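Peer 1: For reference, the structure I am asking about is given below.
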Amino acid sequence: MAEAVEAAGAPGRRRRAPGMSADERRAMIVTAALPLVAEYGAAVTTAKVARAAGIGEATIFRVFEDKDALLAACVAEALRPDALLTSLAAISLDQPLADRLTEALDAMRAHLSRIGAVIGSLRATGQLRGREAPKGGDSGTGPDPGARTGASVAPVPGSREAAMAAPLAAVTALIEPDRDRLRMAPEALARVFLTLGQAATPSGEKEGAGARELVEVFLYGALDGGPGAEARRG
C-alpha cells in the first residue's frame, strides 16, 4: 500500500527525479548553461542556469566549486569537436565530392560559430582578457582550451596534432572515394581543407565567399578557364 501511495505521489511530498552521477549532473548543467553563456557571457547568473536546467540553484554548487568553474566547463565543452564529428560522419558519400565538401565546410563553420559565440560573450563581459583569450589550438578546429576564465581551464591532454586526428580522419573519409581523380593523397588534401575551414568562418555580417564558392576554389582553382573549368561546367 505504501508503495502505491508513493508511486501515485503523496500529497505534499515532492517526487524525486531519477538519480544522476556527479558527472551526468555536471554535463546536464553545462548543456543548459551553454546557450545562456553565449547570450549573456559572464553576466549570466547561476539562478538563470538553474531555471534552464530545471534544478535548484544549490545543485549547481554540488558539482561546481563556483560560477567561474561552471564558465570554464562551458568553454571546454564548446571546444569539444563531438558535434562536428557527428555532422561529418552523417554526410552521404553518394553525393559528388563538391557537395560532400560543401556540407563539411558548413558543419565546420557552425562549429566555429558556436565556439565564437561563447568566447565572444565571455570576452565582451570581461571574463576573458587579452592574452588569456583562447587562440587557435587543441580542439583541432577552434581556440585553445587552455585559455583562462576567472578560474583556469585545464588544457586538453595531447598535442594539437593528436587533437586534429579525428577531424582529419573524418574529412579524409569524405575525400577518399575520389582518390583516383586527385593530384594529391586524400589525407594531404584534408589537411589543406581543415586549414581552409578554420580561416573561412563568416563574420556576423556574412562577408566573404559562401561555402560552395570556397569549395569550388579549393577543388578547381581560382583562375577562370583553367584546368578546373570543364569540371565546374560538368
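The values are calculated or read from the model by the stated rules, or taken from the named source; none is laboratory data. Note that this is a predicted model, so its numbers are computed, not measured. Backbone-built Cβ (ideal geometry, glycine too); neighbour counts: all protein chains shown. Please note that ligands, DNA and RNA were not included when accessible areas were found on the heavy atoms of the full protein model with its side chains. Shrake-Rupley method; radii C 1.70, N 1.55, O 1.52, S 1.80 Å.
Peer 1: For ALA32, indicate whether it is surrounded by 14 or more Cβ atoms within 10 Å (Cβ to Cβ) and at pLDDT below 95.
Peer 2: Details: surrounded by 14 or more Cβ atoms within 10 Å (Cβ to Cβ): yes; at pLDDT below 95: no.
So ALA32 fails the test.
Peer 1: If I ask for residues that are touching a residue at least 12 places away in the same chain (Cβ under 8 Å) and farther than 24 Å from VAL37 by Cβ, which ones from region 84-107 would you list?
Peer 2: Taking region 84-107 as the starting set, the residues that turn out to be touching a residue at least 12 places away in the same chain (Cβ under 8 Å) are 84-85, 87-89, 91, 93, 97-98, 100-107.
Once the filter is applied, which keeps residues that are touching a residue at least 12 places away in the same chain (Cβ under 8 Å) and farther than 24 Å from VAL37 by Cβ, region 84-107 yields LEU88, ALA89, ILE91, LEU93, LEU97, ALA98, ARG100, LEU101, THR102, GLU103, ALA104, LEU105.
Peer 1: Still on this structure: Does ALA53 fit the bill of being farther than 19 Å from GLN127 by Cα and touching a helix residue (DSSP H, G or I) at 6+ places or on another chain (Cβ under 6 Å)? Step through it out loud before you land on a result.
Peer 2: Working: farther than 19 Å from GLN127 by Cα: yes; touching a helix residue (DSSP H, G or I) at 6+ places or on another chain (Cβ under 6 Å): yes.
The answer is yes for ALA53.
Peer 1: Just checking, does region 88-107 include any residue being surrounded by fewer than 20 Cβ atoms within 10 Å (Cβ to Cβ), touching a Pro at 6+ places or on another chain (Cβ under 8 Å) and at pLDDT 95 or above?
Peer 2: Checked region 88-107: at least one residue is surrounded by fewer than 20 Cβ atoms within 10 Å (Cβ to Cβ), touching a Pro at 6+ places or on another chain (Cβ under 8 Å) and at pLDDT 95 or above.
Peer 1: Within region 36-52, which residues are open to solvent by less than 20 Å² (accessible area, probe 1.4 Å) and not in a loop (DSSP other than H, G, I, E, B)? Even if it seems obvious, please write down each step before you answer.
Peer 2: Filtering region 36-52 down to residues open to solvent by less than 20 Å² (accessible area, probe 1.4 Å) leaves 37, 41-42, 44, 46, 49-50.
Of everything in region 36-52, those that are open to solvent by less than 20 Å² (accessible area, probe 1.4 Å) and not in a loop (DSSP other than H, G, I, E, B) turn out to be VAL37, GLY41, ALA42, THR46, VAL49, ALA50.
Peer 1: Right, ALA7: at pLDDT below 90, part of a helix (DSSP H, G or I), of a type in the set (A, V, I, L, M) and open to solvent by 50 Å² or more (accessible area, probe 1.4 Å) or not?
Peer 2: On the way: at pLDDT below 90: yes; part of a helix (DSSP H, G or I): yes; of a type in the set (A, V, I, L, M): yes; open to solvent by 50 Å² or more (accessible area, probe 1.4 Å): yes.
It is true that ALA7 is at pLDDT below 90, part of a helix (DSSP H, G or I), of a type in the set (A, V, I, L, M) and open to solvent by 50 Å² or more (accessible area, probe 1.4 Å).
Peer 1: Residues being free of Cβ contacts under 8 Å to residues at least 24 places away in the same chain, assigned to a helix (DSSP H, G or I) and either aromatic (Phe, Trp, Tyr) or closer than 21 Å to GLY19 by Cβ (or both): count how many of those fall in region 53-83.
Peer 2: Result for region 53-83: 3.
Peer 1: Scan (1) at pLDDT 95 or above; (2) open to solvent by less than 50 Å² (accessible area, probe 1.4 Å) for the single condition LEU79 breaks and write down its number.
Peer 2: Here LEU79 meets the rest and fails (1).
Peer 1: Looking only at residues that are of a type in the set (Gly, Ala, Ser) and either in contact (Cβ under 8 Å) with a residue 40 or more places away in the chain or not in a helix (DSSP H, G or I) (or both) in region 108-119, which one is most open to solvent (accessible area, probe 1.4 Å)?
Peer 2: First, pick out the residues of region 108-119 that are of a type in the set (Gly, Ala, Ser): 110, 113, 116-117.
If we keep only those that are either in contact (Cβ under 8 Å) with a residue 40 or more places away in the chain or not in a helix (DSSP H, G or I) (or both) too, we end up with 113, 116-117.
Working: SER113: 58, GLY116: 41, ALA117: 41 Å².
Across region 108-119, the extreme among qualifying residues is SER113.
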